[in-house]
1. For segment 34-43: of the residues being under 22 Å from Tyr140 (Cβ atoms) and surrounded by 13 or more Cβ atoms within 10 Å (Cβ to Cβ), which is modelled with the lowest pLDDT?
2. Under the condition of being of a type in the set (Gly, Ala, Ser) and buried (at least 16 other Cβ atoms within 10 Å of the Cβ), which residue from segment 105-130 is modelled with the lowest pLDDT?
3. Identify, by number, the condition in (1) outside any helix (DSSP H, G or I); (2) closer than 25 Å to Arg134 by Cβ that Glu8 doesn't meet.
4. Could you please find all residues in segment 136-157 being part of a helix (DSSP H, G or I), out of contact with any strand residue (DSSP E or B) (no Cβ under 8 Å at 6 or more places or on another chain), under 25 Å from Asp33 (Cβ atoms) and not acidic (Asp, Glu)?
5. Collect the residues in segment 122-135 that are hydroxyl-bearing (Ser, Thr, Tyr) and outside any loop (DSSP other than H, G, I, E, B), keeping them in residue-number order.
6. Restrict the check to segment 91-103 and report whether at least one residue is out of contact with any helix residue (DSSP H, G or I) (no Cβ under 8 Å at 6 or more places or on another chain), acidic (Asp, Glu) and within 24 Å of Ala52 (Cα to Cα).
7. Which residues, counting only those in segment 131-145, are of a type in the set (Ser, Thr, Tyr) and surrounded by 17 or more Cβ atoms within 10 Å (Cβ to Cβ)?
8. Among the residues of segment 53-60, is any of a type outside the set (Gly, Ala, Ser), in a helix (DSSP H, G or I), free of Cβ contacts under 8 Å to residues at least 40 places away in the same chain and within 23 Å of Ala111 (Cβ to Cβ)?
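The values are calculated or read from the model by the stated rules, or taken from the named source; none is laboratory data. Given the structure is predicted, the values throughout are model-derived calculations rather than measurements. For neighbour counting, all protein chains shown are included, and Cβ atoms are generated from backbone atoms with ideal geometry for every residue, glycine included.
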Amino acid sequence: MSATGVIEIAMADYRDPAHARALVSLLDAYARDPAGGGTPLAAEVLAGLPAALAARPQAFSVLAWAGEQPVGLVNCIEGFSTFACRPLVNVHDVVVLASHRGQRLAQRMLALVEAEAVARGACKLTLEVLSGNRSALRAYEREGFGSYQLDPAYGSALFLQKKL
């Protein structure tokens, strides 16, 4: 973390108390935002998330710092592509505080995510974005993300979920 006011981007250490606090505060800010659902995270999530991520070697996160203030976060989970027989990395959460949007922090954090994905031998990055979140969609498209299809006759892939 820098005291100079320069934004620093770094891999998170889930066991570092400052990183753990940054992770849950940024993720909670995202959850409270309409783009994140508008509901704060549960207390047990806030308390347990850093240790739960630390217990999963397939998880990694990137933090952005403005001095001692955390201002950005990307959470990633490694998966596996059976078609490529290689890992893939799902970009699960992208958070930039409103005070620091428009400074291309997502771009800088995603560059570090991509470097880590390459180091892990991943064949691709995946992410989901709400269709109405136009600024995020533009940012992802600038970074080379796009919808995909295997056969045009079957259309583009959709992201679905079933809560358990």
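1. Of everything passing the filter in segment 34-43, Ala35 is modelled with the lowest pLDDT.
2. Per the stated criteria, the residue is Ala106.
3. With (1) outside any helix (DSSP H, G or I); (2) closer than 25 Å to Arg134 by Cβ applied to Glu8, the lone miss is (2).
4. Leu137, Arg138, Ala139, Arg142
5. Thr126, Ser135
6. no
7. Tyr140 - this is the single residue of segment 131-145 that is of a type in the set (Ser, Thr, Tyr) and surrounded by 17 or more Cβ atoms within 10 Å (Cβ to Cβ).
8. Yes.
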